[in-house]
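Everything on this sheet refers to the single structure shown next.
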Amino acid sequence: ALSATGVGLTATSWTSSCDSSQTDVDEVQARHLQELGPIELREIVRESEASGEPMCATAAGLGFAKTLRVLLLAGASPRAADSRGRLPIHLAAWKGHAAVLEVLIAHDPSMLEAPDKKYRGTPLTLAAMHGRVSAVRTLLKAGANRDAVVDPPQASTLQPVGGKLDVPMANLHGMNALHLAAMRGHTEVVRALLESGADPDKLSFRNFP
């Protein structure tokens, strides 16, 4: 059987396969996958998911919307988590890849509120925390719950996707997207959330406005 590494479909190969723009790389990879036979492609996808490096997650994290669409049509699971427990929609929200979010939500709208394993946040709280305004607007347009809060189990021992924050993890408990964006100083995200009807007077679990 072919393997993901055997046909050059690792994350490293995707980012280094050509020197042109991200969009061009996405198109090249999507075309390459389409040229494979359906059985071969399904086997590569299955192997990547079993290894803890699912191709959907890799494509989502890189912003490869066209590649992701090909993978989903081939039967790849949008709910296959990477080795850190992150789903493709969490990686896309964290990185701010709005086009990828649109593909994922169209494929499976129920993923809109999928909790992140690391600290039980939603794609919207992730995007807001990291200042990804285009992702925030995409998620809100799709109907994301703007009042969803971070609810981390064992909060004091966990770290969010992307590294450490400037506050203890436990302090994020009960914060919604607006709290997180305001805390991090993401003005455009705050504006987008307020325009969507987010309540500026809503208190967090620790009574922070």
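Want the number for Ser110 to Leu194: 0.36 nm per residue separation, take away the alpha-carbon distance, what's left?
Taking 0.36 nm per residue and subtracting the Cα distance, the gain is 27.8 nm.
Run a plain Debye calculation on the stretch 22-120 (Cα atoms as equal point scatterers, no solvent) and give log10 I(q)/I(0) at q = 0.20 Å⁻¹, rounded to two decimals, same order as the q list.
Values, matching the q order: -0.94.
Between Arg79 and Asp147, what FRET efficiency comes out of the Förster formula 1/(1 + (r/R0)^6) with R0 = 25 Å and r the beta carbon distance, rounded to 0.05?
Efficiency, rounded to the nearest 0.05: 0.55.
Under 5 Å between amide hydrogens, which residues at least 5 positions from Asp151 or on another chain qualify, with H placed 1.01 Å from N in the peptide plane?
Amide H neighbours of Asp151, under 5 Å, 5+ apart: Gly121, Gly174.
Using 7 Å Cα-to-Cβ label points, what is the Ile39/Asp24 separation (nm, one decimal)?
Label at Ile39, label at Asp24, 3.6 nm between them.
Here, each number is a calculation from the coordinates, and none is a lab measurement. None of these values were measured; they are calculated from a predicted model. In this analysis, Cβ positions are derived from the backbone assuming ideal geometry, glycine residues included, and neighbour counts consider all displayed protein chains.
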